[in-house]
Amino acid sequence: MGDQWFERVQYSWFQRFVINCVCSGKLPKHVAFIMDGNRRFAKVNDITRSESYSMGFEKIGEILDYCETFSIRYVSVYAFSIENFKRSDEEKSELFSLMSDKMGYLLSKIDKIHEKGIRINVLGDITLFPDNITKTLARLQLETLNNSEFCLTLCLAYTSRDEIRNSVKCMAQGVACGKLRVTDINETLLDKCLYSEDLPPVDMLLRTSGEVRLSDYMMWQANFAALQFVKVLWPDFGFWHLIGSLLDYQRQEPMLSQYRETYSPFLEKMTRAELAAVAHSEHCNLKSHDNCHLNEAITDAYIQSHQMRTEGFLSDLRGERRELLEHCAELTV
Ligand code: FPP
Ligand code: MG
């Protein structure tokens with residue numbers, strides 16, 4: 001395999017001119033890709049599926065380079081969905097062998113990854129893979145945890161619904177063991193229990209192949225994202241397709257940022273009202289509804305205790321996830 005992942009793309013003068021124009025507008029911070037159309041690409045070009053997937057992997061390296069050019073520091077790719085476990089054994093073994101090769105390749109390039117400050121993050125239940133892949137994915141994540149220039153998120157053994165299920169389960173366990181109260185559960189906490197807890201929301205979600213579906217990908221995170229459905233098979237996706245999508249993002253951005261900006265204060269207000277209702281139901285013997293200052297003080301005190309509980313719970317959850325990762329990295333294969 002060549003070093004396409006770490007080679008810089010050479011732009012023509014015209015490309016550089018267009019880059020400058022696009023960079024004068026607002027750009028997304030986090031772009032998520034659904035890399036669809038790899039098998040169709042294999043058929044059209046009369047190559048094997050493995051060759052096509054391999055080209056698809058090289059494409060990720062090329063995309064990272066473009067994104068660096070546009071200072072897009074968060075890139076996520078849907079590399080294997082939980083639904084993909086339903087594919088034939090033959091196809092799964094091709095994909096697993098590719099994953100094992102490519103992840104091993106990335107580990108062998110760890111110095112270059114550090115040099116570029118790339119953090120490799122994985123969303124999904126990596127324990128569903130054969131142990132050798134689980135181990136390499138865990139090692140890649142742990143080795144690059146402190147890199148902060150750029151974050152590449154590989155979504156593997158992932159679906160949005162499974163991620164949300166997992167978040168709800170973590171909160172339920174928190175309640176069961178007394179770290180949380182049922183009334184601590186809200187949208188903000190659910191968000192923080194997702195695998196993606198430390199990623200910014202998705203600003204632009206792009207699917208190749210012409211299919212117009214989200215396929216259970218980043219549904220929570222892409223709430224205010226500009227959706228792009230591009231009629232090109234993933235290994236054929238290139239610079240000009242990205243430019244077209246970024247220009248369309250810039251068209252949609254003012255409206256999306258308006259939605260986003262009005263949503264935050266709305267959520268904050270709703271959450272405060274919900275917590276205030278709990279606080280007052282617990283202090284109803286004070287009959288303080290006519291005393292504004294006392295009401296506020298009761299609410300503030302309750303919010304403080306809610307914050308302490310949720311912060312403690314989240315810190316334990318992060319610790320447990322880290323331990324699982326360390327355990328996976330130590331698997332004997
Ligand atoms: C969907 O195309 C894509 C996948 C199931 C996997 C994509 C993975 C890669 C491109 C590279 C592997 C990545 C890593 C991290 C090793 P498809 O198979 O559904 O193709 P189709 O839509 O033409 O049927
Ligand atoms: Mg497909």
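Does residue 161 meet the test of being assigned to a strand (DSSP E or B) and over 13 Å from the mean Cα position of the chain (by Cα)?
When the stated conditions are applied, residue 161 does not pass them.
Which residue out of 150, 129 is over 25 Å from residue 65 (Cα atoms) and of a type in the set (Phe, Trp, Tyr)?
Residue meeting the stated conditions: 129.
What's the number of the only condition in (1) near ligand 1 (Cβ under 10 Å from one of its atoms); (2) within 15 Å of residue 154 (Cα to Cα); (3) in a helix (DSSP H, G or I); (4) aliphatic (A, V, I, L, M) that residue 63 fails to meet?
Here residue 63 clears every test but (1).
Can you pull out every residue in the stretch 93-104 that is touching a helix residue (DSSP H, G or I) at 6+ places or on another chain (Cβ under 6 Å), in contact (Cβ under 8 Å) with a residue 40 or more places away in the chain and away from ligand 2 (no atom under 16 Å from the Cβ)?
99, 102
Can you tell me which residues in the stretch 153-170 are among the aliphatic types (A, V, I, L, M) and surrounded by fewer than 23 Cβ atoms within 10 Å (Cβ to Cβ)?
157, 164, 168, listed by residue number.
Which is under 24 Å from the mean Cα position of the chain (by Cα), at pLDDT 95 or above and among the hydrophobic types (A, V, I, L, M, F, W, C), of 19, 47, 34?
One residue alone meets the criteria, 34.
Could you tell me which residue of the stretch 224-248 is nearest to ligand 2 (Cβ to nearest atom), considering only residues that are aliphatic (A, V, I, L, M) and in a strand (DSSP E or B)?
So the residue we want is 230.
Within the stretch 153-189, which residues are in contact with a helix residue (DSSP H, G or I) (Cβ under 8 Å, 6 or more places away or on another chain), among the aliphatic types (A, V, I, L, M) and more than 30 Å from residue 250 (Cα to Cα)?
Once the filter is applied, which keeps residues that are in contact with a helix residue (DSSP H, G or I) (Cβ under 8 Å, 6 or more places away or on another chain), among the aliphatic types (A, V, I, L, M) and more than 30 Å from residue 250 (Cα to Cα), the stretch 153-189 yields 157, 168, 171, 175, 180, 182, 185, 189.
Consider the stretch 208-223. How many of its residues are within 12 Å of ligand 2 (Cβ to nearest atom) and charged (D, E, K, R)?
2
Within the bounds of the stretch 85-92, is there any residue that is over 17 Å from residue 32 (Cβ atoms), in a loop (DSSP other than H, G, I, E, B) and within 15 Å of ligand 2 (Cβ to nearest atom)?
Looking through the stretch 85-92, at least one residue is over 17 Å from residue 32 (Cβ atoms), in a loop (DSSP other than H, G, I, E, B) and within 15 Å of ligand 2 (Cβ to nearest atom).
I'm checking my understanding of the structure. Among residues of the stretch 231-254 that are within 13 Å of ligand 1 (Cβ to nearest atom) and surrounded by 14 or more Cβ atoms within 10 Å (Cβ to Cβ), which one is nearest to residue 65 (Cα to Cα)?
237
Quick one: is residue 32 touching a Ser or Thr at 6+ places or on another chain (Cβ under 6 Å) and under 22 Å from residue 118 (Cα atoms)?
yes
Does residue 78 satisfy the condition of being assigned to a helix (DSSP H, G or I), in contact (Cβ under 8 Å) with a residue 40 or more places away in the chain and not small (Gly, Ala, Ser)?
no
Taking the options 275, 294, 247, name whichever one is touching a residue at least 40 places away in the same chain (Cβ under 8 Å) and farther than 30 Å from residue 229 by Cβ.
275
What are the residues in the stretch 291-333 that are among the hydroxyl-bearing types (Ser, Thr, Tyr) and not in a helix (DSSP H, G or I), if any?
332
Within the stretch 12-57, count every residue that is part of a loop (DSSP other than H, G, I, E, B), more than 16 Å from ligand 1 (Cβ to nearest atom) and touching a residue at least 60 places away in the same chain (Cβ under 8 Å).
Selection size over the stretch 12-57: 5.
Only one of these conditions is not met by residue 81: (1) within 14 Å of ligand 2 (Cβ to nearest atom); (2) hydroxyl-bearing (Ser, Thr, Tyr); (3) surrounded by fewer than 16 Cβ atoms within 10 Å (Cβ to Cβ). Which number is it?
(3)
The values are calculated or read from the model by the stated rules, or taken from the named source; none is laboratory data. The structure presented is a predicted model; accordingly, all values stated were derived computationally and were not measured. Please note: Cβ atoms are built from the backbone with ideal geometry, for glycine as well, and neighbour counts cover all protein chains shown.
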